[in-house]
Amino acid sequence: MAVQLSQFRSSLLKHEKQPKPPFFSSSKTRTFRVSTAASSGIQQLIQSGEVKPIPPKDAATALNSDGFKLLDIRPQWEREKAYVKGSLHVPLFVKDTDNGPITLLKKWVHFGYIGLWTGQNFTMINPNFVREVDAAVSDKEAKLLVACGEGLRSMMATWKLYEGGYKNLGWLAGGFNRSADSDFPEVEGPEKLQYATIGGVSYYFLKLLFLLQAVGKE
């Protein structure tokens, strides 16, 4: 059962990371181009040492001893499930509230293709992201450990912050999904931090597997 649970969780995470066709994407085509540039740019920054990749197992040391502040860039509906106590929160993606006919059509297709299974909302890049971080952390020399669920959105956020003048940046490699319970001991919310990204039908499948695993141990 433990093997099945591990395989299912891996399948869920892989499904969330799969690239989406442009029409079905929860972000605009411009966002896709920005994401591609950010991925390439952040990799160069990591290789040059200008951005520090920090795995979840080393996050406590970075936060408690190295002076980093955790910046959670997940959308509000993921953070509500589980978050690290004391972390800052500025979402990189926000719900797309445009109700024009084209956007509504995209939302319906998105729901059928992605939303029903993963529970992910139709989103857009937060146009005020860097400004909101500036308001929360005005010191551009501050050490920020940028984090999301799987480590992909935080790549884009780290790139945006670097371009916005922040130079002491860390990136949570692999995201919260790859963390263990002991990596972030002070977590608040009704769910485990590792599973906060999972939603929709897949969330209930995961709950069922937990239940079956518990029954199997009795």
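Things to note:
- Of the GluC sites (Glu not before Pro) found in segment 126-198, those in coil by DSSP whose Cβ has at most 13 other Cβ atoms within 10 Å are GLU141, GLU186.
- Neighbour cut-off at most 16 other Cβ (10 Å), DSSP loop, trypsin sites (Lys or Arg not before Pro), segment 132-170: LYS140, LYS167
- Computed from label points 7 Å out along Cα-Cβ, the spacing between LYS192 and ASN168 is 3.4 nm.
- The slack in the chain from SER182 to GLN76, taken as 0.36 nm per residue of separation less the alpha-carbon distance, amounts to 35.8 nm.
- Flagged links, alpha-carbon separation over 26 Å, of LYS85/LYS140; LYS69/LYS192; LYS95/LYS192; LYS81/LYS167; LYS95/LYS140; LYS57/LYS143: LYS81/LYS167; LYS95/LYS140
Here, each number is a calculation from the coordinates, and none is a lab measurement. Just so we're clear, the structure is a prediction, and the values are computed from it rather than from any experiment. With ideal geometry, Cβ positions are generated from the backbone for all residues, glycine too; neighbour counts draw on all protein chains shown.
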